[in-house]
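Input: a single structure, listed below in structure tokens.
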Amino acid sequence: MKITSARLIICSPDRNFVTLKIETDEGIYGLGDATLNGRELAVASYLSEHVCPCLIGRDPSQIEDIWQYLYRGAYWRRGPVTMTAIAAVDVALWDIKGKALNTPVYNLLGGKSRDGVMVYAHANGRDIDETVDSVRKEMELGYIAVRAQSGIPGMSGTYGVPKGTKAYEPAERGLPSESLWSSERYLRAAPKLFERLRVELGEDVHLLHDVHHRLTPIEAARLGKALEPANLFWMEDPVPAELQEGFKLIREHTTTPIATGEVFNSFWDAHDLIRNQWIDYLRMTIVHGGGLTALKKAADFAAIYHVRTGCHGATDLSPVTMAAALHFGLSIHNFGVQEHMRHSALTDAVFPHEYTFSAGYMYPGDKPGLGVDIDETLAAKYPYERAYLPLARKLDGTLTDW
Ligand code: GCO
Ligand code: MG
């Protein structure tokens with residue numbers, strides 16, 4: 001089998017997606033997600049200008065060799081643009097291999113290690129009351145794990161809480177918007193939210209929370225300690241992770257489990273975090289971490305240190321990544337949980353897929369390959385529109401981590 005074409009489909013069915021379609025001389029094709037939220041066209045150009053020409057004529061079954069060719073062969077390693085581009089190729093090749101061998105991708109990764117993939121939903125509200133209601137609604141839909149984010153008294157907006165009545169979406173069309181942030185007010189408010197959630201909803205539901213890289217290590221340690229009575233499943237991204245040692249300080253003070261890694265693009269971003277057991281869950285994801293080939297290696301290394309996976313799964317990761325994450329989560333042994341931020345009906349229509357949700361778990365389906373497709377005619381009706389993630393400033397105007 002030979003690769004005959006590799007081309008991009010860029011569309012915006014409610015939000016932007018970049019999809020790579022690799023076609024072969026045997027009529028089998030594979031899909032890979034290449035979406036990097038807010039920087040979409042950089043990856044598209046990296047692929048179309050530099051990667052796609054090198055794929056033509058290659059044997060798509062040589063997944064490992066093609067991965068190494070794109071990683072080592074570029075000389076310039078790592079970085080979100082490069083690794084997202086490599087991931088798109090890698091995932092498309094796994095899709096092709098599954099279709100060629102007539103088996104779902106999870107079988108190629110070692111077969112099922114469990115019956116279903118536990119997922120967590122997003123719940124949010126402008127205040128504690130609204131957030132409690134929102135968590136309750138997700139539980140009524142069947143979720144057994146829910147992430148809770150709430151507005152902060154005295155602040156007009158914060159991460160994870162929508163501005164209007166629409167569902168929360170991380171990117172916004174037009175130029176980047178700015179919001180205000182106060183760690184002091186947040187640290188006062190967050191423990192109250194989780195205290196209430198436990199009182200109202202009991203002990204059985206897994207509760208998660210995303211700090212979104214906004215604290216310093218000692219502030220995060222304080223938060224982790226304050227949240228201990230609420231028995232969180234995890235506290236996510238307490239601090240930015242460039243300084244991996246920062247997690248040591250948090251770890252020394254609290255037993256609240258820690259998850260991080262949604263912005264990681266290489267295993268090396270997590271190397272110290274894992275080998276020192278400073279984290280419990282690795283959130284690095286297939287689309288930004290270099291594909292299934294890279295994630296499988298990272299997960300196997302993490303397993304040795306009791307670190308489990310908790311892959312990022314926000315709406316900016318397309319249904320192609322969601323499908324890949326479900327095959328991955330079903331097959332690896334040290335799976336923890338998978339994020340499931342539901343796509344809009346329009347996004348789902350552009351990307352028809354086999355995966356399903358039932359009673360807290362998701363299932364990738366048994367179709368050969370990934371079990372996800374793209375309706376190119378429908379996609380063409382929704383052209384790309386520039387969009388950005390917001391920025392945040394402290395009350396005195398200093399730019400901070402959003
Ligand atoms: C999450 C994430 C998202 C990100 C977004 C960035 O945990 O789901 O933090 O909300 O902000 O995916 O592109
Ligand atoms: Mg997050």
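Taken residue by residue, region 164-182 has at least one member that is away from ligand 1 (no atom under 12 Å from the Cβ), within 23 Å of Ala221 (Cα to Cα) and among the hydroxyl-bearing types (Ser, Thr, Tyr).
If a residue has to be acidic (Asp, Glu) and either under 26 Å from Cys311 (Cα atoms) or outside the structural domain of Ala230 (by TED's automatic domain parsing) (or both) to count, how many in region 157-216 make the cut? Spell out how you get there, then give the answer.
Taking region 157-216 first, the residues acidic (Asp, Glu) are 169, 172, 178, 184, 195, 200, 203-204, 210.
Those left that are additionally either under 26 Å from Cys311 (Cα atoms) or outside the structural domain of Ala230 (by TED's automatic domain parsing) (or both): 169, 172, 203-204, 210.
The qualifying residues number 5.
Please go through region 50-71 and give me each residue that is buried (at least 17 other Cβ atoms within 10 Å of the Cβ) and within 12 Å of Asp90 (Cβ to Cβ), ordered by number. Talk me through it step by step, then tell me what you get.
Filtering region 50-71 down to residues buried (at least 17 other Cβ atoms within 10 Å of the Cβ) leaves 51-52, 55, 58, 60, 63, 66-67, 69-71.
Of everything in region 50-71, those that are buried (at least 17 other Cβ atoms within 10 Å of the Cβ) and within 12 Å of Asp90 (Cβ to Cβ) turn out to be Val51, Leu55, Pro60, Ile63, Ile66, Trp67, Tyr69, Leu70, Tyr71.
Beta carbons closer than 6 Å, at least 6 apart along the sequence or on distinct chains, pair a first residue in region 335-359 that is closer than 18 Å to Pro104 by Cβ with a second that is more than 16 Å from ligand 2 (Cβ to nearest atom) and assigned to a loop (DSSP other than H, G, I, E, B) for Phe351/Ile374; Pro352/Asp373; Glu354/Gly365; Glu354/Lys367; Glu354/Gly371; Tyr355/Pro364; Tyr355/Gly365.
Any idea how many residues of region 101-130 are under 30 Å from Ser150 (Cβ atoms) and either without any contact (Cβ under 8 Å) to a residue 12 or more places away in the chain or not β-branched (Val, Ile, Thr) (or both)?
Of region 101-130, the ones under 30 Å from Ser150 (Cβ atoms) are 116-130.
Then keep just the ones that are either without any contact (Cβ under 8 Å) to a residue 12 or more places away in the chain or not β-branched (Val, Ile, Thr) (or both); that gives 116, 118, 120-127, 129-130.
Looking only at that region, the number is 12.
Inside region 143-166, residues that are surrounded by 13 or more Cβ atoms within 10 Å (Cβ to Cβ) and either part of a loop (DSSP other than H, G, I, E, B) or at pLDDT below 85 (or both) make up a count of 12. If you check Ile274, Ile250, Ile258 for being open to solvent by less than 70 Å² (accessible area, probe 1.4 Å), in the same structural domain as Val119 (by TED's automatic domain parsing) and within 16 Å of ligand 1 (Cβ to nearest atom), only one passes: Ile258.
Quick grid of which residues meet (1) aromatic (Phe, Trp, Tyr); (2) open to solvent by 40 Å² or more (accessible area, probe 1.4 Å); (3) in a strand (DSSP E or B):
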site: Trp76; (1), (2), (3): yes, yes, no
site: Ile96; (1), (2), (3): no, no, no
site: Asp115; (1), (2), (3): no, yes, no
site: Met118; (1), (2), (3): no, no, yes
site: Ala123; (1), (2), (3): no, no, yes
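Residues of region 42-74 that are farther than 23 Å from Val263 by Cα and part of a helix (DSSP H, G or I): Ser48, Glu49, His50, Cys52, Pro53, Cys54, Leu55, Ile63, Glu64, Asp65, Ile66, Tyr69.
The values are calculated or read from the model by the stated rules, or taken from the named source; none is laboratory data. Values in this document were obtained by computation on a predicted structure and should not be read as measured data. Cβ coordinates were reconstructed from backbone atoms using ideal geometry, including for glycine residues, and neighbour counts include every protein chain displayed. All accessible areas refer to the heavy atoms of the entire protein, side chains included, with ligands and DNA or RNA removed. Shrake-Rupley method; radii C 1.70, N 1.55, O 1.52, S 1.80 Å.
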